[in-house]
Amino acid sequence: MDALRRLWIRLFSQHYTPSASQLCDHIAVGKLGEKLAADHLISQHCHILKRDFKSRKGGQVDLVVRDSETLVFVEIKTRTSQDFQRAFYAVSENQKKRIKQSAGEWMRQLAPQTPPLRFDIIEVYLEAHQKPKFYWFKDAF
């Protein structure tokens, strides 16, 4: 069953092209980008552990992923155009700090195990009637 799901996700993500009306709502665009990024990571043999992890101290991580033996905390930035500053630069220092605090909370739940950690950023660009474009920055911060 898992193999069928991965195949469907791979095919869906490669051929899905959003319409102009789907790109109008900012929140919906972000959620769509997060879903497509998760699908992309699965197609790259990553295992999604948690979506929208919220820590007790107010931090939030879009995706917590296992990439081989590495625990990865992923921030996803979705844009409907590449005309402006790269989405990568929209991750503020304050946001990075909150993500790291959330990662610390996740790690305390795993104690005494301490797998290698990584913090990634994925840019998702959605343009009407085109395939999504993904840029994956491993060890971004």
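The values are calculated or read from the model by the stated rules, or taken from the named source; none is laboratory data. Please read these numbers as outputs of a predicted model, since none were measured by experiment. For neighbour counting, all protein chains shown are included, and Cβ atoms are generated from backbone atoms with ideal geometry for every residue, glycine included.
Overview of results
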read-out: Residues of region 45-103 that turn out to be over 15 Å from residue 139 (Cβ atoms), without any contact (Cβ under 8 Å) to a residue 24 or more places away in the chain and hydroxyl-bearing (Ser, Thr, Tyr), as a count; value: 2
read-out: Residues of region 53-68 satisfying the condition of being surrounded by fewer than 12 Cβ atoms within 10 Å (Cβ to Cβ), at pLDDT below 95 and not basic (Lys, Arg); value: 58
read-out: Residue check for residue 78: closer than 28 Å to residue 25 by Cα and either loosely packed, with under 15 Cβ neighbours inside 10 Å or not basic (Lys, Arg) (or both); value: yes
read-out: Residue list for region 104-141, filter: β-branched (Val, Ile, Thr) and touching a residue at least 12 places away in the same chain (Cβ under 8 Å); value: 121, 122, 124
read-out: One residue from 120, 139 being in a loop (DSSP other than H, G, I, E, B), among the charged types (D, E, K, R) and in contact with an Asp or Glu (Cβ under 8 Å, 6 or more places away or on another chain); value: 139
read-out: Every residue from region 85-100 that is surrounded by 14 or more Cβ atoms within 10 Å (Cβ to Cβ) and in a helix (DSSP H, G or I); value: 87, 88, 90, 95, 96, 98, 99, 100
read-out: In region 33-61, the residues that are among the basic types (Lys, Arg) and over 11 Å from the mean Cα position of the chain (by Cα); value: 54, 56, 57
